[in-house]
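Presented below is the structure to which this report refers.
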Amino acid sequence: MRDDREMNSADYVIVGAGSAGCAVANRLSEDPSCRVTVLEAGGSNRHPNITIPAAFPNQFKTKHDWNYQTEPEPFCDNREIYLPRGKALGGSSSMNAMLYVRGRSLDYDTWEQMGATGWSWKDVLPYFMRAEDNSRGASEYHGVGGPVRVEDSHDPNPFAERFLEAAEANGIPRIKDYNGPEQDGCSTVQVTQKGGRRWSTADAYLRPAMKRQNVEVVKHAQVIGLEFSGDRVTGVRYRDKRGRQRVAHASQEVILSAGTCNTPQILMLAGIGPASDLQAAGVQVRHDLPGVGKNLQDHPYIVTIFDSIIQGTLADAEHPKYMLQWLLQKKGPLTTSVAEAFAFVRSRPGLPAADLQYHFAPLFFAANGFEEYKEHSVTLGPCLVSPKSRGELTLRSTDPMAAPRVITNTLSEPEDMAALVAGVKLSREIAATEPLKSALGREIYPGSGVETDSDIEADIRKRVELLYHPVGTCRMGQDDMAVVDPELKVRGIEGLRVADASVMPIISGGNTNAPTIMIGEKAADLIRGRSAVPLSA
């Protein structure tokens, strides 16, 4: 393995060592004759805030975070909404809450109906399974022996069981596997951990690949442009950690796996995107591709928080004794993913699938973890997993170091607001049901003064956040607004593909890390011209 040195040429250059990029790098380099270079803007992912599961919010607004903000959101009281993105080996899989959620079969069948041929549920299931090493064992829907370790919570908090029993009492059935044939219901979470520590895609895919002589990983590589020969991309220009300009040459293809924010930015800086937007930013148009940066989607969520009148939450999880327990045994409350139980529900009758996903956390979690509250409390966070609102990403300037301009238009659709209002009401009903009721005290958020639907709407606009799941800005399909075709090739440009969450036509019904890994797995086979590996392989 060659690390942080200039390679004159590779067959494939991958931009971004994130959830999909690590998978692509590993699978392509399985062929010893195939040379792979991976460019990553961040550094290592060995920091304790990365490896200790419960410490993930400590990465926010640090060197491990791209630290994006939206523009003032017109339907959210003109607030700028924080959008963290991982900046280290593993990308956002090194920063996220490790929640392993595939979404619904409906999601992928809808992708195919929208023009993403070959991405139906039956087509993508083999890749989910090939990626998995599930602690529950092999089954019709799950795999073992894959790179991504998926486990049940190591030390589940007792409050999670209180939440599940209260949810059941409200008509939400207990299910064994929300990643199986039926998602509706409540369940404890599964997480991408191995033996009580985070198991990112850098751990799962990249580090094994880095042992191979045909793989080069360049950290602290800030991409500043693409190299062209006519309409063909032949390489990537970047600045190394010393500020020197370098070129990573690709004899076969460049694969952009830089994520939903950075991938469209790289395309637009190269002159690939909506002509009017590029001209407004002062970029010469190379290829008018109107869908670049459009179709932005994320999952909005609103937290309801209640005091606990009994102890046993995670309020004291950072006590030194628990740090020692984690260091010595990889056990205890620091193994938590913070959200320890889910409930997938439909906000109203007639919906084809659950549109709300509750994240139950046995602690206070507000304002992305920046708001502090030392007392025992619990958080029920209804998240809208089927948003109708759409935003866009555009260039702020021609400076590749400048953050892009992001607007999500969160809550622009009345249906989205109605679903979250219903979600807040159900949160209150669950909290008022035993065995939660007798453990909880006052309602901290929204609070006793928020009663009517209009009160709840106003509170949602004031406090709603995004769940760090941006997708869709380079969506695949076959219409004029599609950026990539079903083989993930950028339309109208040779030698360039996209493999990350930006290609999703619609957002998946749940946390987006597992689907993004699946995209990387399938992308590698598309690049190699291979069919899906049989499920038994």
**Prompt:** In the stretch 460-485, which residue that is open to solvent by 10 Å² or more (accessible area, probe 1.4 Å) and either in contact with a strand residue (DSSP E or B) (Cβ under 6 Å, 6 or more places away or on another chain) or acidic (Asp, Glu) (or both) is nearest to Val421 (Cα to Cα)?
**Reply:** Glu465
**Message:** Residues that are hydroxyl-bearing (Ser, Thr, Tyr) and surrounded by 23 or more Cβ atoms within 10 Å (Cβ to Cβ): does the stretch 82-93 have at least one?
**Reply:** yes
**Request:** Among the numbered conditions (1) assigned to a loop (DSSP other than H, G, I, E, B); (2) surrounded by 24 or more Cβ atoms within 10 Å (Cβ to Cβ); (3) modelled with pLDDT of 95 or more, tell me where Thr37 comes up short.
**Result:** (1)
**Request:** Could you grab me the full set of residues in the stretch 273-301 that are open to solvent by less than 10 Å² (accessible area, probe 1.4 Å) and over 27 Å from Leu411 (Cβ atoms)?
**Result:** Leu278, Leu289
**Prompt:** If you go through the stretch 64-81 one residue at a time, how many are under 16 Å from Arg46 (Cα atoms) and either open to solvent by 50 Å² or more (accessible area, probe 1.4 Å) or free of Cβ contacts under 8 Å to residues at least 12 places away in the same chain (or both)?
**Reply:** 0
**Asked** Out of the residues in the stretch 228-272 that are surrounded by fewer than 17 Cβ atoms within 10 Å (Cβ to Cβ) and at positive phi, which is nearest to the chain's Cα centre (by Cα)?
**Response** Gly243
**Selection count where residues are of a type outside the set (A, V, I, L, M) and assigned to a strand (DSSP E or B), scope the stretch 199-235** = 9
**Item:** Residues (in contact with a Ser or Thr (Cβ under 8 Å, 6 or more places away or on another chain) and under 22 Å from Pro515 (Cα atoms)) located in the stretch 259-298
**Value:** Gly259, Thr260, Cys261, Thr263, Pro264, Val292, Gly293, Lys294, Asn295, Leu296, Gln297, Asp298
**Request:** Would you point out the residue of the stretch 436-459, among those that are under 24 Å from Ala160 (Cβ atoms) and of a type outside the set (A, V, I, L, M, F, W, C), that is surrounded by the fewest Cβ atoms within 10 Å (Cβ to Cβ)?
**Result:** Ser438
**Prompt:** Do we find a residue being in contact with a Leu (Cβ under 6 Å, 6 or more places away or on another chain), open to solvent by less than 30 Å² (accessible area, probe 1.4 Å) and small (Gly, Ala, Ser) anywhere in the stretch 363-377?
**Reply:** no
**Complete:** Among Arg174, Arg207, Arg198, Arg212, the single one that is open to solvent by less than 10 Å² (accessible area, probe 1.4 Å) and charged (D, E, K, R) is Arg198
**Asked** Somewhere in the stretch 327-337, is a residue modelled with pLDDT of 95 or more, surrounded by fewer than 24 Cβ atoms within 10 Å (Cβ to Cβ), over 28 Å from Leu466 (Cα atoms) and among the aliphatic types (A, V, I, L, M)?
**Response** no
**Request:** Kindly indicate the residue of the stretch 381-406 that is within 18 Å of Met268 (Cβ to Cβ) and without any contact (Cβ under 8 Å) to a residue 40 or more places away in the chain and also least open to solvent (accessible area, probe 1.4 Å) among those meeting that condition.
**Result:** Ala402
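Table: residues versus (1) closer than 25 Å to Arg149 by Cα; (2) free of Cβ contacts under 8 Å to residues at least 12 places away in the same chain; (3) crowded, with 24+ Cβ neighbours inside 10 Å.
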| site | (1), (2), (3) |
| --- | --- |
| Asn96 | yes, no, yes |
| Tyr108 | yes, no, yes |
| Glu112 | no, yes, no |
| Trp121 | yes, no, no |
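The values are calculated or read from the model by the stated rules, or taken from the named source; none is laboratory data. On a predicted model such as this, the values are computed, not experimentally measured, just so you know. Note: ideal-geometry Cβ built from the backbone for every residue, glycine included; neighbour counts use all protein chains shown. Surface areas here come from the heavy atoms of the whole protein model, side chains and all, with no ligands, DNA or RNA. Shrake-Rupley method; radii C 1.70, N 1.55, O 1.52, S 1.80 Å.
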